[in-house]
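Enquirer: One structure, as structure tokens, below. Some questions next.
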Amino acid sequence: ELEVALKVVIVGNGGVGKSSMIQRYCKGTFTKDYKKTIGVDFLERQIEVDGEEVRLMLWDTAGQEEFDAITKAYYRGAQACVLAFSTVDRESFEAAHSWKLKVENECGEIPTVIVQNKIDLMDHSVVNPEEAELLARALGCRLLQTSVKEDLNVGAVFRHLAAQCLAE
Ligand code: GDP
Ligand code: MG
């Protein structure tokens, strides 16, 4: 039987919770200070979508996004993208558009989900719901709200992406 394997890149400003999301989804754990496992480029998890086995390879960065220094190797062959910003980091929200362009530039149009993470901190939100929706519409992507900390909606992000890829 044919196995589908998908390379997924997770982009967005530093500190929005990208590494935590990968760790949560693939290992089921959450820590305050996640440090990238040396020598590991991605973690993986297998799921079933519409009766098909899909192996998701979630590629992490080692913090190069802070210096705008993500290499071409990171993006190479990516088939889906998670574009994340944080509920409590205005700059990360405002950077979303340019992250979308960067991914498009390296990978072309690939299925992308916009993720508003840290919704457990909604009381301190610096992004209002309407502008988040507007952003998603402008970029032509689905918007999902997650809390990696509270384990809210993380699985939905990857199910949605995998389903989109299978439908193509
Ligand atoms: P990255 O730079 O995008 O990879 O972000 P990290 O995964 O390193 O997370 C940055 C910080 O945000 C860490 O202290 C995480 O524990 C924290 N964090 C990640 N996700 C959440 C979340 O959903 N809620 C809260 N409150 N903190 C989070
Ligand atoms: Mg990280």
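Quick note: the coordinates plus some simple rules give every number you see, no bench work behind them. Keep in mind it's a predicted model, so treat the numbers as computed, not measured. All Cβ positions, glycine included, derive from the backbone under ideal geometry; neighbour counts span all protein chains shown.
Enquirer: Karplus couplings for segment 67-76 from phi (6.51 cos²θ - 1.76 cosθ + 1.60, θ = phi - 60°), rounded to Hz, Gly and Pro as x?
Expert: For segment 67-76, the Karplus-derived couplings read 10, 6, 10, 6, 7, 4, 4, 4, 7, 4 Hz, x marking Gly and Pro.
Enquirer: Using the Karplus curve 6.51 cos²θ - 1.76 cosθ + 1.60 with θ = phi - 60°, what ³J(HN,Hα) values do you get for each residue of segment 81-91, in whole Hz, with x for Gly and Pro?
Expert: 9, 9, 10, 10, 9, 10, 4, 10, 9, 4, 4
Enquirer: Same structure again: At most 13 other Cβ atoms within 10 Å and a DSSP loop assignment: could you name the trypsin sites (Lys or Arg not before Pro) in segment 1-102 that fit? It would help to have the intermediate numbers written out before the result.
Expert: On the way: sites: Lys7, Lys18, Arg24, Lys27, Lys32, Lys35, Lys36, Arg45, Arg55, Lys72, Arg76, Arg90, Lys100, Lys102; in loops: Lys32, Lys35, Lys36, Arg76.
Here the sparse-neighbourhood loop sites are Lys32, Lys35, Arg76.
Enquirer: Can you tell which of Leu143, Leu101, Leu58 shows the greatest fluctuation in a Gaussian network model of the chain with Cα springs below 10 Å?
Expert: Among Leu143, Leu101, Leu58, the largest GNM mean-square fluctuation belongs to Leu101.
Enquirer: Sticking with this structure for a sec: Per residue of segment 119-127, what does 6.51 cos²θ - 1.76 cosθ + 1.60 with θ = phi - 60° give for ³J(HN,Hα)? Whole Hz please, x for Gly and Pro, Karplus curve as stated.
Expert: 6, 5, 9, 3, 4, 10, 4, 10, 10
Enquirer: Measure nothing but the geometry: give the 0 to 90° angle between the long axis through the Cα atoms of 18-27 and the longest principal axis through the Cα atoms of the chain, rounded to 10°.
Expert: So the inclination is approximately 40 degrees.
Enquirer: Per residue, how much space in cubic angstrom lies within the convex hull of the C-alpha atoms of segment 14-150? All intermediate terms of the calculation are to be shown ahead of the outcome.
Expert: Working: hull volume 17.2 nm³, N = 137.
That works out to 126 Å³ per residue.
Enquirer: Same structure again: Please give the length that would be gained between Asp120 and Arg137 if that part of the chain were fully extended, namely 0.36 nm times their separation in residues minus their C-alpha to C-alpha distance (nm, one decimal).
Expert: Working: separation 17, 0.36 × 17 = 6.12 nm, distance 2.36 nm.
Additional length available on full extension: 3.8 nm.
Enquirer: Between Glu150, Glu66, Glu130, where does the largest GNM mean-square fluctuation fall for the chain, given springs only between Cα atoms within less than 10 Å?
Expert: Judging by the Gaussian network model, the answer is Glu130.
Enquirer: Among the listed pairs Lys7/Lys27; Lys27/Lys72; Lys18/Lys149, which are separated by more than 23 Å between their Cα atoms?
Expert: Numbers: Lys7/Lys27 17 Å; Lys27/Lys72 27 Å; Lys18/Lys149 12 Å.
Those over the limit are Lys27/Lys72.
Enquirer: Between Glu91 and Arg76, what is the label-to-label distance in nm when each label sits 7 Å out along the Cα-to-Cβ direction?
Expert: Label-label distance for Glu91 and Arg76, simple model: 3.1 nm.
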